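Quick notes on the structure that follows.
Read-outs: derived from the displayed coordinates by stated rules, not from any lab. Not measured: the values here are computed from a predicted model. With ideal geometry, Cβ positions are generated from the backbone for all residues, glycine too; neighbour counts draw on all protein chains shown.
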Amino acid sequence: MSRTRFHEALDGLRQELVAMGGMAERAVELAVRAYTERDLSLCREVFSGEVVINSTERRLDEVVLDLLAMQQPMAVDLRLILAISKCIADLERVGDQAVNIAECVEQLLGLPEFESPADLPEMASLARMMLRRALNAFVDADAAEAQAVLLLDDELDAMNDHAYTAVAAAKAAEPAFTQNLLNFLIIARNFERIGDHATNIAEDVIFWVRGADVRHHATSNE
Amino acid sequence: MTAGGIRVERLNAWFGDKQALRDISINIEGYHTTAIIGPSGCGKSTFVRCLNRMHEVNPMARATGRVFIGNTDIYENGTTPVEVRRRVGMVFQKPNPFPTMSIYDNVAAGLKLNGWERGRRLGDAVEQALRRAALWDEVKDDLKKKSGASLSGGQQQRLCIARALAVEPEVLLMDEPASALDPMATAKIEDLLFELKQSVTVVIVTHNMQQAARVAEFTGFFLMGALIEFDRTEQMFTKPRDKRTEDYVTGRFG
């Protein structure tokens, strides 16, 4: 493969990752709608979508492995391939989290209705916004935008803590709805995890674009 | 400067009217391996040939600037090329053993040419050089029976390394030492480089960036006679600071 064709292959991989990002976003969107609209058919869409995300993960991992083995990429190309490799894993996990949420919704639909004491739609909207902005940062190679995503994670973590407190209090007051409350807690936890994966993707964008490791609050701008 | 290091100050070199090196200043760390990379014609071979005054062998060639090996400015009046080349050995792309000489004589030749002191045992020095070049075990039974030219390409190259090491230079310059060798022979040379830097400063010119990445702690990138970037190898190949380095190492060049 010539260097030109290698760079075309790398661009192709980048576009495929963006497409996989779209699938993960769609899965989260469906899971959120399944919850707000109490719609079992949307849960099923999440489950079938996960199969596609998983097979995409395997296929893109293979492309990454081939390019690393055959092309020995250097510098910005090497950073991009590593970033893509890690983003693939994060997006696959986001797909799993959408499934976890949909499974909770499935259970909730079999239980008597009970309103969540945690503001799950608010968490959903922040988690989705983080994921969208991290993916946009990847598309635009925009490290500043990625940096902005990192700042949102604390907010989502705080919401998750708040959800825990609210659920605990509700369980004490309404023990009959413990099943519902546990599901709310798991859903909140999964939104928080989606935010973590968006954060990882944003960190990978910064590593790719700037060559800087900003994980775990490292401040190196080297 | 660190022990065994090379300090180059404002080195310029010409072939006739054509300037081959432009104002190169660099500190090469002693007892480490430094790779010089860059496209054909960028001046990398000229650069290393200036480090042991091989450049001036060409009658059209001249150089200005200062090159310190240890504390000696090798271009200073009173320093002779012969003296410099004893301290700074060189190995070329194509192995060039003396074809009619035995393996033993090939290594001994370097010693004899450089004023071997009588009384020391030549055989010990030859053995030591062959051991350092990781060739001893393969040739010890045929030392005086076989000619240098009868060896395989990779063995010939290690023989040339042994010949260069015999006079115990402080610096070993290698100009594409493995580009004519197969992967196994290349791997042996690369392993050897790891051992050698315990006792000698190595500067290696290579077209093969993966080779530079494997063997060198430091890498310099040359372009059109100028040193564009010089840094630790991992920095050069993961996050170079200069766009031109990045374009070269990622193959976006030209």
Q: Normalising by the residue count of chain B, find the relative contact order in percent from Cα pairs under 8 Å and 6+ residues apart.
A: 27
(Q) Looking at chain B as a GNM with Cα springs under 10 Å, which of B:Asn58, B:Asn71, B:Asn96 has the largest mean-square fluctuation? (A) B:Asn58
Q) Quick one: putting +1 on the C-beta of Lys and Arg, -1 on the C-beta of Asp and Glu, what dipole do you get for region A:16-65 around its Cα centre, in Debye to the nearest 20? A) 140
Q | Packing-based exposure ordering (other Cβ within 10 Å, fewest first) of A:Ser125, A:Ser48 | A | A:Ser48, A:Ser125
Q. Within the protein assembly as shown, what percent of beta bridges assigned by DSSP are antiparallel, to the nearest 5?
A. 60
Q.
List the pairs from B:Lys112/B:Lys140; B:Lys94/B:Lys188; A:Lys86/B:Lys243; B:Lys44/B:Lys112; B:Lys44/B:Lys94; B:Lys94/B:Lys239 whose alpha-carbon separation is above 23 Å, in the order I gave them.
A. A:Lys86/B:Lys243; B:Lys44/B:Lys112; B:Lys94/B:Lys239
Q: Using only Cα atoms, tell me the angle between helix B:183-196 and the longest principal axis of chain B; keep it within 0 to 90° and round to the nearest 10.
A: 90
Q | Qualifying trypsin sites (Lys or Arg not before Pro) for region A:27-64 [loop in DSSP, other Cβ within 10 Å: at most 13] | A | A:Arg38
Q: Partner chain Cβ atoms within 10 Å, averaged over the residues of B:231-238 - can you pull that number for me?
A: 2
Q.
Taking each residue in B:244-250, count the Cβ atoms of any other chain within 10 Å of its Cβ, then average. What number comes out?
A. 4
Q: Counting helices only, and only those DSSP H runs with n ≥ 4, report the 222 nm mean residue ellipticity of chain B as the sum of -39,500 (n - 2.57) divided by its residues, in deg cm²/dmol to the nearest 500.
A: -9500 deg cm²/dmol
Q. Going through region B:94-152, which trypsin sites (Lys or Arg not before Pro) have at most 15 other Cβ atoms within 10 Å and a DSSP loop state?
A. B:Arg118, B:Arg120, B:Arg121, B:Lys140, B:Lys144, B:Lys145, B:Lys146
Q: Among B:Gly30, B:Ile204, B:Asn52, pick out the residue whose Cα is farthest towards the positive end of the charge dipole of region B:6-249, where Lys and Arg carry +1 and Asp and Glu carry -1 on C-beta, about the Cα centre.
A: B:Asn52
Q. Under the definition of Cα pairs under 8 Å and six or more residues apart, what whole-number percent is the relative contact order of chain A?
A. 25
Q. For chain A, what is the calculated [θ] at 222 nm in deg cm²/dmol (nearest 500), taking -39500 (n - 2.57) for each run of four or more DSSP H residues and dividing by its residue count?
A. -30500 deg cm²/dmol
Q: Just rank B:Met54, B:Met236, fewest to most, by other beta-carbon atoms within 10 angstrom.
A: B:Met54, B:Met236
Q | Cβ-based charge dipole, the protein assembly as shown, positive-most Cα from A:Leu185, B:Gln19, A:Leu152 | A | B:Gln19
Q. Angle between the Cα long axis of helix A:75-109 and the longest principal axis of chain A, 0 to 90 degrees, nearest 10?
A. 20
Q) How much space per residue, in cubic angstrom, does the convex hull of the C-alpha atoms of region A:47-107 take up? A) 55
Q) For region B:7-85, what does the alpha-carbon gyration tensor say about shape, rounded, prolate or oblate, given a ≥ b ≥ c as the root eigenvalues, a/c under 1.5 as rounded, and a/b over b/c as prolate? A) oblate
Q.
Can you report the principal axis dimensions of region B:6-249 using only the alpha carbons, biggest first, rounded to whole angstrom?
A. 53, 42, 29
Q: Please give the helix B:122-132 orientation as an angle from the longest Cα principal axis of chain B, in degrees from 0 to 90, rounded to the nearest 10.
A: 50
**Q.** 3J(HN,Hα) from dihedral phi, region A:191-200, Karplus parametrisation 6.51/-1.76/1.60, rounded to Hz, x for glycine, proline
**A.** 5, 4, 5, 4, x, 4, 5, 4, 4, 4
**Q.** Rule-of-thumb Rg ratio for region A:73-115 [Cα; 2.2 N^0.38 Å; N residues]
**A.** 1.99
Q) Over the Cα atoms of the protein assembly as shown, how large are the radius of gyration and the largest Cα-Cα distance (Dmax), in Å? A) 31.6, 103
Q.
Could you tell me the relative contact order of region A:111-209? Use alpha-carbon pairs under 8 Å, at least six residues apart, and round to a whole percent.
A. 49
